[in-house]
Number of protein chains: 2
Amino acid sequence: MATLGDVAARAGVSISSVSRVLSNHPAARISEATRRRIVEAAEELRYRPNFAGRALKSARTQVIGLVLPDLTNALSTDLMHGAEDEAREHGYTMLLGRSDALSPVSEVIARLIGEGRVDGMVLQLADGVPAAGIGDLLDTAAPVVLLNETHPGHVGSVALDDVTGARIATQHLIELGHERIAMVNGLPSSFTAQRRRTGYRTAMKAAGLRVPRGYETRLGYFAPDGRAALRRLMTLSPAPTAVVVANVNAAVGLLAEARQARIAVPRRLSVICVHDSWTAENTWPPLTAVQMQFYAMGRAAVRNVLDRIENGVLRDDVILDPPPQLIVRNSTARPPRATR
Amino acid sequence: MATLGDVAARAGVSISSVSRVLSNHPAARISEATRRRIVEAAEELRYRPNFAGRALKSARTQVIGLVLPDLTNALSTDLMHGAEDEAREHGYTMLLGRSDALSPVSEVIARLIGEGRVDGMVLQLADGVPAAGIGDLLDTAAPVVLLNETHPGHVGSVALDDVTGARIATQHLIELGHERIAMVNGLPSSFTAQRRRTGYRTAMKAAGLRVPRGYETRLGYFAPDGRAALRRLMTLSPAPTAVVVANVNAAVGLLAEARQARIAVPRRLSVICVHDSWTAENTWPPLTAVQMQFYAMGRAAVRNVLDRIENGVLRDDVILDPPPQLIVRNSTARPPRATR
DNA sequence: ATGAAAGCGCTAACAA
DNA sequence: TTGTTAGCGCTTTCAT
């Protein structure tokens, strides 16, 4: 690979002139002729600035890490796209990482920030990883912004408006005339699950509806969790006529379980979920969902990190605009006669 | 962040001794006492080797890039896990990248390899990106291994045994007694689609079955493509009694479309797909599928790159072991009476 | 307007 | 066994 020295030799100028021209130094006073010779030489040699050299000198990598617990979630895609778009517009590159049992958060942070691989990072903890344990990990050389999570004493987070999302979902069922509305939620330790629970309870309370014992399950966000939740709910008496599922993947599982148990959706049970993705369009019946703004969250998260890096601004963000949006498909309907 | 110099000062030794100890230099003859003092000092200062410094000196990053067109495919997860496991075992870090319209392959390669960010990379092209255009991009400073793709004159690729996978799927339908078997495939330009087509045709020919005009659609691997394919197939006369779908996402869409068009699966139409994922368990009916070995492919891809980097070995791999595996669920059955 | 030179953190060849 | 030193590619201050 060609270095600055190679380009300088070819253009017949000094290394520093080449550096000034190729890195668009603003205060560089370079004659047009020299500039042209340099640019030409660089192109001929297909010069590319060496990442390590630049990073070593400037103590900056122009890289932002995005660390997620599970990358194969249709929702992560939107998030990543938003983050990448925002990063690219500011001249940064995204480095996608994964955190799991084998590479715990502390290890990933040490590797990315401790070794100087990134200038900052966006971190989403896996459900069940207590934010409590990561306290001092957040006070590092580079800013860490938490996604859908807060940590006492740590400023720098971005979250969706989960409360509103769950409230919209619950209200939709209430408006259809349901009164026995259950909630299938994520683990109790999950930050988003707690907020979605608040949205659900707020809407129920505002409508003067009770939440009977057992109407809230908190088993997790995956398809098998949704299946298990439905089995549990249908043993209750009276059984719910509608259910708010806090996550689209769990809803897909719940719907499949309903088929198997011969519970007609939406005739006997209405199902709505928080989160939308292509899978929701391809269930049967197609899932009514509340679309959450993952793309916007991705952009906001990177903006939050960059504002910290470049302007020293500390901030907690909640994505209010655009707001969560109800997408009505076919898994919700009025409740069965008997209960009205 | 602490540097080698800091550690050296604290331990009262020279920088090079510290370097030797902390990077486990094999031929280093260091007294136990010194070694202990150094290790202690490093721990107290929470020393981490600076990535840029090390990379600049050694011209190695110990990073492998994994660049995929779309990371939110349940199948990519397995692939990534395999790649990461293999990389970690060899002391390498994975850098996940994405290639799409905004950051075309050439741009991504230039950035990762041209700027020296990775020591090698695994690249999967998006369907529809002609491999032809990437010729000289592959002759770079670092090895590029293609996933599910080959390029004339380029050695270094890893592929699944698509032919066998599609053959197994087709044979399953044949064994059930089907004779009018259609195939819903990916785009004609797709490498995997071509190979799966071969598997399908081989099985059909071996069984002495014809492939009537129109029985092969090649619209793509996404859910809407599967829907469109089904609509097209059902206008044919005679219509197929079974269909091999080349991808699980397309199969999910096809199944939803079948519901909507009131085509009973598997009573009137059997559906089997190549690829398995959690979504296949949660359709209705649950999808019979041929599981492909994505995890193994991920491991093999990284091994291929590392063998190239560390031993100079050039190789094209096809994952034969473990072989594709039939997972029978409920979307396949014997054909309807009339056709037997 | 251009060049010389120092130094970022690290490794390794060489010296002691 | 341990230390000194050069240099990887780059940016930037200081000279000219």
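Within region A:277-293, take every residue that is hydrophobic (A, V, I, L, M, F, W, C) and open to solvent by 20 Å² or more (accessible area, probe 1.4 Å) and give me the one that is nearest to residue A:192 (Cα to Cα). Walk me through how you get there before you give the answer.
Initial filter on region A:277-293 (hydrophobic (A, V, I, L, M, F, W, C)): A:278, A:280, A:284, A:287, A:289-290, A:292.
Pick out the ones that are also open to solvent by 20 Å² or more (accessible area, probe 1.4 Å) and you get A:278, A:284.
Values: A:278: 21, A:284: 27 Å.
Once the filter is applied, the top-ranked residue is A:278.
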remark   = Those residues of region B:21-39 which are open to solvent by 100 Å² or more (accessible area, probe 1.4 Å) and near DNA strand D (Cβ under 8 Å from one of its atoms) amount to B:29
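Among the residues of region B:11-47, what is the count of those that are farther than 25 Å from residue A:117 by Cα and either touching a helix residue (DSSP H, G or I) at 6+ places or on another chain (Cβ under 8 Å) or near DNA strand C (Cβ under 7 Å from one of its atoms) (or both)? Working first, answer last.
Going through region B:11-47, the residues farther than 25 Å from residue A:117 by Cα turn out to be B:11-14, B:26-37.
Of the ones still in play, those that are also either touching a helix residue (DSSP H, G or I) at 6+ places or on another chain (Cβ under 8 Å) or near DNA strand C (Cβ under 7 Å from one of its atoms) (or both) are B:11-14, B:28, B:30, B:34-35, B:37.
Selection size over region B:11-47: 9.
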task = Working carefully through the options B:137, B:173, find the one that is under 22 Å from the mean Cα position of the chain (by Cα) and assigned to a helix (DSSP H, G or I).
result = B:137
inquiry  = Take residue B:14 and tell me if it is within 12 Å of DNA strand D (Cβ to nearest atom) and free of Cβ contacts under 8 Å to residues at least 12 places away in the same chain.
reply    = yes
note = Scanning region B:190-237 for residues that are open to solvent by 70 Å² or more (accessible area, probe 1.4 Å), in a loop (DSSP other than H, G, I, E, B) and not β-branched (Val, Ile, Thr) gives B:210, B:213, B:222, B:237
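Determine whether region B:88-109 contains at least one residue that is surrounded by fewer than 16 Cβ atoms within 10 Å (Cβ to Cβ), within 16 Å of DNA strand C (Cβ to nearest atom), in a loop (DSSP other than H, G, I, E, B) and away from chain A (no Cβ under 13 Å). So that I can check it myself, show each step before the final result.
To start, the set of residues in region B:88-109 that are surrounded by fewer than 16 Cβ atoms within 10 Å (Cβ to Cβ) comprises B:88-91, B:100-102, B:104, B:106-107.
Then keep just the ones that are within 16 Å of DNA strand C (Cβ to nearest atom); that gives B:91.
Right, trim to in a loop (DSSP other than H, G, I, E, B) and you get B:91.
With the extra rule that they be away from chain A (no Cβ under 13 Å), the set shrinks to none.
Looking through region B:88-109, none of the residues is surrounded by fewer than 16 Cβ atoms within 10 Å (Cβ to Cβ), within 16 Å of DNA strand C (Cβ to nearest atom), in a loop (DSSP other than H, G, I, E, B) and away from chain A (no Cβ under 13 Å).
Any chance region B:106-124 includes a residue that's within 30 Å of residue B:332 (Cβ to Cβ) and among the aliphatic types (A, V, I, L, M)?
no
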task = Answer yes or no as to whether residue A:301 is assigned to a helix (DSSP H, G or I), closer than 30 Å to residue A:89 by Cβ and more than 14 Å from every other protein chain (Cβ to nearest Cβ).
result = yes
query = Would it be correct to say that residue A:112 is more than 8 Å from chain B (Cβ to nearest Cβ), more than 17 Å from residue B:95 (Cα to Cα), not β-branched (Val, Ile, Thr) and not in a loop (DSSP other than H, G, I, E, B)?
reply = no
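Return the only residue of B:229, B:251, B:256 being touching a strand residue (DSSP E or B) at 6+ places or on another chain (Cβ under 6 Å), within 13 Å of chain A (Cβ to nearest Cβ) and over 16 Å from residue B:176 (Cβ atoms).
On the way: B:229 fails: within 13 Å of chain A (Cβ to nearest Cβ); B:256 fails: touching a strand residue (DSSP E or B) at 6+ places or on another chain (Cβ under 6 Å).
Going through B:229, B:251, B:256 in turn, just one is touching a strand residue (DSSP E or B) at 6+ places or on another chain (Cβ under 6 Å), within 13 Å of chain A (Cβ to nearest Cβ) and over 16 Å from residue B:176 (Cβ atoms): B:251.
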request  = Check off (1) without any contact (Cβ under 8 Å) to a residue 40 or more places away in the chain; (2) crowded, with 24+ Cβ neighbours inside 10 Å for residue A:244 and give me the number that stays unchecked.
outcome  = (1)
request  = Given the conditions (1) within 12 Å of DNA strand D (Cβ to nearest atom); (2) more than 11 Å from chain B (Cβ to nearest Cβ), report the number of the one that residue A:54 does not fulfil.
outcome  = (2)
request  = Show the residue pairs that are 6+ apart or on different chains and have beta-carbon atoms under 6 Å apart, the first residue being within region B:257-279 and among the aliphatic types (A, V, I, L, M) and assigned to a helix (DSSP H, G or I), the second being modelled with pLDDT of 95 or more and open to solvent by 10 Å² or more (accessible area, probe 1.4 Å).
outcome  = B:258/B:265
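Test residue B:42 against the criterion of being within 11 Å of DNA strand D (Cβ to nearest atom), surrounded by 17 or more Cβ atoms within 10 Å (Cβ to Cβ) and within 13 Å of chain A (Cβ to nearest Cβ), and give yes or no. Before you say what the answer is, go through the steps one by one.
On the way: within 11 Å of DNA strand D (Cβ to nearest atom): no; surrounded by 17 or more Cβ atoms within 10 Å (Cβ to Cβ): yes; within 13 Å of chain A (Cβ to nearest Cβ): yes.
It is false that residue B:42 is within 11 Å of DNA strand D (Cβ to nearest atom), surrounded by 17 or more Cβ atoms within 10 Å (Cβ to Cβ) and within 13 Å of chain A (Cβ to nearest Cβ).
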ask   = Can you name the number of the only condition in (1) within 31 Å of the chain's Cα centre (by Cα); (2) within 16 Å of DNA strand D (Cβ to nearest atom); (3) part of a helix (DSSP H, G or I) that residue B:60 fails?
value = (3)
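Checking the structure you have, find out if any residue of region A:295-316 is open to solvent by 20 Å² or more (accessible area, probe 1.4 Å) and under 30 Å from residue B:226 (Cβ atoms). First the steps, then the outcome.
Here is the first cut: in region A:295-316, the ones open to solvent by 20 Å² or more (accessible area, probe 1.4 Å) are A:295-296, A:299, A:303, A:307-316.
Then keep just the ones that are under 30 Å from residue B:226 (Cβ atoms); that gives A:295-296.
Within region A:295-316, one or more residues are open to solvent by 20 Å² or more (accessible area, probe 1.4 Å) and under 30 Å from residue B:226 (Cβ atoms).
Can you pull out the residues in region B:238-282 that are of a type in the set (S, T, N, Q) and touching a Gly at 6+ places or on another chain (Cβ under 7 Å)?
Kept after step one, since they are of a type in the set (S, T, N, Q), are these residues of region B:238-282: B:241, B:247, B:249, B:260, B:270, B:277, B:279, B:282.
Within region B:238-282, B:247, B:282 qualify.
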message = Looking only at residues that are more than 13 Å from chain B (Cβ to nearest Cβ) and open to solvent by less than 40 Å² (accessible area, probe 1.4 Å) in region A:1-11, which one is farthest from DNA strand D (Cβ to nearest atom)?
response = A:11
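For (1) more than 24 Å from residue A:47 (Cα to Cα); (2) touching a Leu at 6+ places or on another chain (Cβ under 7 Å), each residue gets a yes or a no:
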{"residue": "B:40", "(1), (2)": "yes, no"}
{"residue": "B:43", "(1), (2)": "yes, no"}
{"residue": "B:85", "(1), (2)": "yes, no"}
{"residue": "B:89", "(1), (2)": "yes, no"}
{"residue": "B:98", "(1), (2)": "no, yes"}
{"residue": "B:103", "(1), (2)": "no, no"}
{"residue": "B:106", "(1), (2)": "no, yes"}
{"residue": "B:116", "(1), (2)": "no, no"}
request  = Determine if region B:68-85 includes at least one residue that is without any contact (Cβ under 8 Å) to a residue 12 or more places away in the chain and within 15 Å of DNA strand C (Cβ to nearest atom).
outcome  = no
query = Taking region A:59-73 as the search range and keeping residues that are open to solvent by less than 60 Å² (accessible area, probe 1.4 Å) and of a type outside the set (A, V, I, L, M, F, W, C), which one is nearest to the other protein chains (Cβ to nearest Cβ)?
reply = A:72
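The values are calculated or read from the model by the stated rules, or taken from the named source; none is laboratory data. Since this is a predicted model, take the numbers as computed values, not measurements. When we count neighbours, we look across all protein chains shown, and the Cβ atoms used for this are built from the backbone with ideal geometry, even at glycine. Surface accessibility is based on the protein's heavy atoms, side chains included, excluding ligands, DNA and RNA. Shrake-Rupley method; radii C 1.70, N 1.55, O 1.52, S 1.80 Å.
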